[in-house]
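The values are calculated or read from the model by the stated rules, or taken from the named source; none is laboratory data. Model, not experiment: these values are computed from the prediction. Note that we place each Cβ from the backbone using ideal geometry, even for glycine, and neighbour counts take in every protein chain shown. Ligands, DNA and RNA are excluded from the accessible area calculation, which covers all protein heavy atoms including side chains. Shrake-Rupley method; radii C 1.70, N 1.55, O 1.52, S 1.80 Å.
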Amino acid sequence: MTASKITLGIETSCDETGVALFSAERGLIAHALHSQVDLHTVYGGVVPEIASRDHVRMLLPLIQQVMDEVGIEKPDAIAYTAGPGLVGALMVGGGMANGLGLAWDCPVVAVHHMEGHLLAPMLEENPPEFPFLALLVSGGHTMLIAVRELGDYQILGSTLDDAAGEAFDKTAKLLGLGYPGGPLLAALAEEGDEQAYPFPRPMLNKPNLDFSFSGLKTAVMLEVRKAEAAGEIDNRRADIAASFQRAAVDTLVGKAVKAAEAEGLDRIVVAGGVGANRLLRSEITTRFSGEVFYPRLEFCTDNGAMIAVAGALRLSEARSATEIRAQARWSLDTLDVPAAT
Ligand code: KG4
Ligand code: ZN
């Protein structure tokens with residue numbers, strides 16, 4: 001990073017509009033987030049067109065807000081999420097980043113959303129050093145990654161079906177909870193008995209490092225139906241939520257610890273929305289003999305700060321504003337180690 005540079009980060013890949021200013025000298029100096037959750041709740045999931053429109057509505061006021069807070073007229077560089085994500089939503093952020101880059105005559109850098117997630121702990125006081133194992137658990141991804149250095153990522157395992165967050169969200173829906181279900185299910189689980197239902201720990205004893213959550217989801221569905229048929233569902237919800245959460249967390253933690261040990265890595269970074277789960281955080285800290293790092297809770301889910309820090313670390317790739325990149329699919333292991341700045 002070049003001294004005194006301030007990078008504006010813009011995140012619009014899904015249903016959160018996030019912006020932040022990251023200073024090479026002072027770290028994170030401002031951030032703002034607007035969640036669209038209320039707009040999508042009635043549909044039970046994210047509606048892409050509504051997401052894009054709301055990013056258009058919110059982005060400029062949020063950027064103005066962080067610039068005013070810090071008292072600068074323009075940043076030195078702009079980083080935006082270029083994928084993976086909803087293409088229309090990504091194009092809003094990419095269009096804004098490149099438009100402002102032209103107006104302000106400052107370089108623009110395209111950031112991989114999942115690299116943002118795995119670098120989010122770099123925003124904390126005690127950031128991890130490379131190498132580390134990353135457990136990336138979000139609404140769209142579940143991955144174990146050997147992170148050898150910035151940009152050198154080897155995917156060791158991923159999900160064969162649902163992502164961890166999707167499994168939480170779908171289970172929450174089965175239980176009649178709102179959207180997004182993950183945090184609501186986690187809150188309900190606090191009141192339940194996690195041993196009430198012996199749900200499967202899918203793939204936990206298989207030698208590979210892949211995940212599968214569809215069998216667990218089916219097992220939950222069968223128990224929900226049984227409880228409904230018996231007129232017992234109101235008394236059973238919390239126990240089902242707690243037993244599901246325990247099974248999902250056991251699987252995620254078991255595989256993450258196994259991967260770190262197999263790779264000889266003594267640090268684990270937990271990132272992505274499901275990384276906000278308290279049971280996951282406490283279990284991995286208890287079961288792993290090395291050090292565990294997480295972003296603060298608000299930076300586990302999507303935000304502009306993680307994009308600003310990832311962009312600041314990739315300033316050598318910043319280009320003058322010309323091309324709007326928006327990729328729905330983009331594998332993390334295709335990234336390169338950036339040239340030194
Ligand atoms: O990283 P993220 O904000 O967005 C994506 O890039 O997908 O992750 C959102 C996911 C949702 O599935 C949400 O239900 C889940 O993270 N989530 C949680 C918790 N907080 C958010 N899952 C379990 N426990 C939580 N406390
Ligand atoms: Zn995300």
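Given a 1.4 angstrom probe, what's the average accessible area per residue across the chain, in square angstrom?
42
Do you know the relative contact order of the stretch 129-294, to the nearest whole percent, from alpha carbon pairs under 8 angstrom that are 6+ apart?
28
Springs between alpha-carbon pairs under 10 angstrom, Gaussian network model over the chain: which of Leu185, Leu222, Leu118 fluctuates most?
Taking springs between Cα atoms under 10 Å, the residue moving most is Leu222.
Order of 63-75, 129-141 by packing, highest average Cβ count within 10 Å first?
Highest to lowest by the protection proxy: 129-141, 63-75.
Just want the answer: with Cβ charges of +1 for Lys and Arg and -1 for Asp and Glu, which residue in Cys106, Phe130, Leu177 is farthest toward the dipole's positive end in the chain?
Leu177
Can you tell me the order of 21-30, 305-314 when each peptide is scored by its average per-residue count of other Cβ atoms within 10 angstrom, highest first?
Packing order, densest peptide first, comes out as 305-314, 21-30.
Under unit Cβ charges (Lys, Arg +1; Asp, Glu -1), what dipole magnitude, rounded to 20 debye, does the stretch 1-146 have relative to its Cα centre? Mind showing how you got there, number by number?
Numbers: 5 positive and 16 negative charges, 52 e Å.
The dipole magnitude comes to about 260 debye.
To the nearest Å, what is the center-to-center distance of the stretch 1-55 and the stretch 212-283, using C-alpha atoms only?
For the stretch 1-55 versus the stretch 212-283, the Cα centre distance is 28 Å.
Taking a ≥ b ≥ c as the square roots of the eigenvalues of the Cα gyration tensor of the stretch 148-259, is the shape rounded (a/c under 1.5), prolate (a/b larger than b/c) or oblate?
prolate
When the solvent-accessible surface of protein heavy atoms is calculated with a 1.4 angstrom probe, in what order do Glu166, Glu49, Glu115 fall, highest first?
Reading off the accessible areas and sorting them downward yields Glu49, Glu166, Glu115.
Given axes a ≥ b ≥ c from the Cα gyration tensor, I'd like to know whether the stretch 260-313 is rounded (a/c under 1.5), prolate (a/b larger than b/c) or oblate. Show your work: numbers first, answer last.
Values: a/c = 3.15, a/b = 1.47, b/c = 2.15.
Cα axes put the stretch 260-313 in the oblate bin.
Nothing charged except the Cβ atoms of Lys and Arg (+1) and of Asp and Glu (-1): what's the magnitude of the dipole of the chain about its Cα centre? Round to the nearest 20 debye.
480
Taking the C-alpha atoms of the chain, how large are the radius of gyration and the largest Cα-Cα span, Dmax, in Å?
According to the Cα coordinates of the chain, Rg and Dmax are 20.2, 66 Å.
By Kyte-Doolittle mean hydropathy of at least 0.0 and Cα axial length of at least 30 Å, which whole DSSP H helices of the chain are selected? If you can, show how the numbers build up before the last one.
Numbers: long enough: 48-70 (32 Å, 0.06); 233-263 (45 Å, -0.11).
Helices passing the filter in the chain: 48-70.
Restricting to the chain, compute how many DSSP beta bridges are antiparallel as a %, nearest 5.
60
For the chain, what is the number of Lys pairs with C-alpha distance below 24 angstrom, counting only pairs 8 or more positions apart or on separate chains?
12
Roughly to the nearest percent, how much of the accessible area of the stretch 129-294 is carbon and sulfur, given a 1.4 Å probe? Write down the numbers at each step before the final one.
Values: 3380 of 6920 Å².
Using a 1.4 Å probe with all protein chains present, the stretch 129-294 comes out at 49 percent carbon and sulfur.
Label the stretch 47-135 by shape, choosing from rounded, prolate and oblate, from the square roots a ≥ b ≥ c of the eigenvalues of the Cα gyration tensor; if a/c is under 1.5 it is rounded, and otherwise prolate applies when a/b is larger than b/c, oblate when it is not.
Oblate, because a/c is 1.5 or more while a/b does not exceed b/c.
For Cα pairs less than 8 Å apart in space and 6+ apart in sequence, what is the mean separation divided by the residue count of the chain, i.e. the relative contact order in percent?
Values: 782 pairs, mean separation 89.1, N = 341.
With pairs under 8 Å counted, the relative contact order is 26 percent.
Give me the percent of accessible area attributable to carbon and sulfur for the stretch 32-96, probe 1.4 angstrom. Don't skip to the answer; put the middle values down first.
Details: 1740 of 3020 Å².
So the carbon and sulfur contribution to the accessible surface is 58 percent.
Applying the Karplus parametrisation 6.51 cos²θ - 1.76 cosθ + 1.60 with θ = phi - 60° to the phi angles of the stretch 290-299, what ³J(HN,Hα) value in whole Hz is obtained for each residue in order, glycine and proline being reported as x?
Working through the residues one at a time gives x, 8, 10, 10, 9, x, 4, 3, 5, 9 Hz.
Can you tell me how much longer the chain between Glu124 and Gln195 gets when fully stretched, taken as 0.36 nm per residue apart minus their C-alpha distance, in nm with one decimal?
22.1 nm
If you place +1 on the Cβ of every Lys and Arg and -1 on the Cβ of every Asp and Glu, how big does the dipole about the Cα centre of the stretch 189-341 come out, in debye to the nearest 20?
About 280 debye.
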